[in-house]
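Visitor: Structure below; questions to follow.
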Amino acid sequence: MLNVMKIRHVIAVSALLALLAGCTAVQRSTETDILDAQMVYALVPDAGSAADLRQFADAGGYELTREARLRGLGLTMLDFRIPAGITAPQAIFTLEDAVPTATVGVNHVYRLQQETSGQRSLDYANDLMRWPEGGCRARAAVGIIDTGIDINAPALAEARIVTRAFFSGRAGPATHGTDVASVLSNPDRLSDVTIYGANVFGQQNALGLVAGADALVRALNWLAEEEVRFVNLALAGPYNKLLDLAVTRAVARGLILVAAVGNDGPDVAPLYPAGFDGVIAVTAVDATGRIYRNAVRGPHVDVAAPGVDVMVTSDGRTRFVTGTSIATPFVTARLAADASLAGARTVEQVRTRLAETSTELGPMGRDAIYGYGLSLAENVCPS
């Protein structure tokens with residue numbers, strides 16, 4: 001139990017402590033990068049830390065709006081509304097100072113990384129990646145953290161799909177998640193697949209449909225609880241330390257996370273979750289192996305896959321879409337089909353396998369544009 005005198009003392013000097021918070025407390029963000037500037041979220045590892053944080057926050061005028069045990073990640077999440085007159089950096093510094101085991105942060109937003117193509121190309125993806133004729137059987141369940149998935153879409157008729165939403169209110173369009181699921185579960189690539197679809201896109205801001213970091217954390221927890229092996233994240237956004245902790249916990253439990261590097265251009269800093277060390281980062285190329293012009297670059301890039309003018313039929317009509325979002329499920333499907341990865345539990349094992357089975361597109365070895373090169377699916381499953 002926290003000492004009451006300490007609580008009163010910290011509250012009294014919180015304004016002074018805030019002067020020290022600076023960039024170490026929270027990444028500087030634009031207004032559209034945060035869902036609600038008057039909310040902070042805390043992740044704590046045990047019941048004692050949760051009790052201490054509740055007591056301190058209550059004494060300081062914070063409103064606890066939700067508390068949930070995340071058993072899959074071994075954490076508890078507490079959502080707090082900040083008292084009037086206190087900024088998010090002040091709140092983060094004060095709460096973490098009071099309970100050092102807590103990780104506190106704001107709710108950064110993450111966006112889809114796909115656009116409709118203006119050009120029309122043939123369905124080249126399978127040939128480019130050298131998928132075996134007839135495809136492969138899935139060796140493990142696959143998670144998709146995305147928009148909703150239309151489970152009645154004809155393109156998904158052969159997949160087993162379980163869905164859950166991780167937000168309150170009305171869901172946005174399910175087009176993107178359905179596109180991703182249809183690429184992943186196309187029987188010419190991957191058959192006998194079970195998909196756990198985590199819908200995290202229930203928010204809108206000035207730039208359109210977005211997902212909060214809190215929803216991503218809850219989705220990762222669900223997939224860890226369900227012991228899903230491979231997780232597809234066709235989204236990107238700023239660094240968030242809550243998501244960082246959740247990714248670390250998920251990876252430690254054997255989840256293999258595969259994420260889009262993002263479409264913000266070649267000169268920006270890494271986007272997340274692809275920027276985390278424990279995540280396989282996927283970029284996009286066209287039918288000739290040229291890099292997608294808007295793909296993020298950097299030393300974190302692991303591998304490339306078809307992502308320019310990719311043909312999808314998830315809504316009953318043929319469309320062509322472009323972006324690192326649509327490249328990501330090709331890699332997730334390739335990993336889920338690989339018999340040699342059936343027992344893999346670390347990202348290092350997966351990276352080694354990708355390095356061995358990808359074809360160079362740039363300089364020899366791993367590079368900041370293509371990573372290990374174009375991911376290939378030949379010889380990943382018995383004929």
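No value in this document is a laboratory result; all are computed from the given coordinates. In this text, all values refer to a predicted model and were calculated from it rather than measured experimentally. Glycine gets a Cβ as well: all are built from the backbone with ideal geometry, and neighbour counts include every protein chain shown.
Visitor: Multiplying the sequence separation of GLU378 and ASP36 by 0.36 nm and subtracting their Cα-Cα distance, what value in nm do you get?
Guide: Full-extension gain reported as 118.5 nm.
Visitor: If you line up the long axis of helix 47-59 against the longest principal axis of the chain, both from Cα atoms, how many degrees apart are they, to the nearest 10?
Guide: Around 50 degrees separate the two axes.
Visitor: Moving on to the next point. Beyond 15 Å, what share of the Cα-Cα pairs of region 285-341 remains, rounded to the nearest whole percent?
Guide: Of all Cα-Cα distances in region 285-341, 55 percent exceed 15 Å.
Visitor: Ok, one more. For GLU226 and SER191, calculate 0.36 nm times their separation in residues minus their Cα-Cα distance, and state this gained length in nm to one decimal.
Guide: 10.6 nm
Visitor: Percent of Cα-Cα pairs per 5 Å bin, from 0 to the last occupied bin, for region 111-375, please list those.
Guide: P(r) for region 111-375, in whole percents per bin: 1, 7, 15, 20, 22, 19, 11, 4, 1, 0.
Visitor: Further question on the same structure: Can you put THR324, THR178 in order of Cβ neighbours within 10 angstrom, beginning with the fewest?
Guide: THR178, THR324
Visitor: Order by neighbour count: VAL350, VAL310, fewest other Cβ atoms within 10 Å first, most last.
Guide: Ordered from fewest to most neighbouring Cβ atoms within 10 Å, VAL350, VAL310 come out as VAL350, VAL310.
Visitor: Just to verify a number: FRET efficiency for ARG130 and SER168, C-beta to C-beta distance, R0 = 41 Å, to 0.05?
Guide: So, using R0 = 41 Å, E works out to roughly 0.40.
Visitor: Give the angle, between 0 and 90 degrees and rounded to the nearest 10, that separates the Cα long axis of helix 175-184 from the longest principal axis of the Cα atoms of the chain.
Guide: It is inclined by approximately 50 degrees.
Visitor: Something else about it: Assigning unit charges at the beta carbon (Lys, Arg +1; Asp, Glu -1) and nothing else, what dipole magnitude in debye, to the nearest 20, does the chain show about its Cα centre?
Guide: 400 debye
Visitor: Given points 7 Å out from each Cα along the Cα-Cβ axis, report the ARG69 to ARG253 separation in nanometres with one decimal.
Guide: My value for the distance between the label points is 1.3 nm.
Visitor: Also, quick follow-up: Volume per residue, Å³, of the convex hull around the alpha-carbon atoms of region 282-383?
Guide: Dividing the Cα hull volume of region 282-383 by its residue count gives 115 Å³.
Visitor: Ok, one more. Give me a comma-separated list of calculated 3J(HN,Hα) values for region 327-335, in order, Karplus coefficients 6.51, -1.76, 1.60 applied at θ = phi - 60°, integers in Hz, x for any Gly or Pro.
Guide: Each residue's phi maps through the Karplus curve to give 6, 4, x, 5, 6, 4, 4, 4, 5 Hz.
Visitor: Mind checking the dipole of region 242-324: about its Cα centre, +1 per Lys or Arg Cβ, -1 per Asp or Glu Cβ, Debye to the nearest 20?
Guide: Using Cβ point charges on Lys, Arg, Asp and Glu, region 242-324 gives about 160 debye.
Visitor: Using 0.36 nm per residue of separation minus the Cα-Cα distance, give me the extension gain between GLN349 and GLN55 in nm, one decimal.
Guide: Value of the extension gain: 101.5 nm.
Visitor: How many nm separate the modelled label positions at ARG319 and ASN152, each set 7 Å beyond the Cα in the direction of the Cβ?
Guide: It is 1.8 nm.
Visitor: Can you tell me the orientation of helix 213-225 relative to the chain, as the angle in degrees between its alpha-carbon axis and the longest Cα principal axis, to the nearest 10?
Guide: That works out to roughly 70 degrees.
Visitor: Still on this structure, I have one more. Counting each pair of different Cα atoms once, what's the Kirkwood radius of region 134-285 in Å, rounded to one decimal?
Guide: Hydrodynamic radius (Kirkwood, Cα pairs) of region 134-285 is 15.7 Å.
Visitor: Take the alpha carbon atoms of region 218-265, find their center, do the same for region 163-197, and report the distance between the two centers in whole angstrom.
Guide: Answer, in whole Å: 16.
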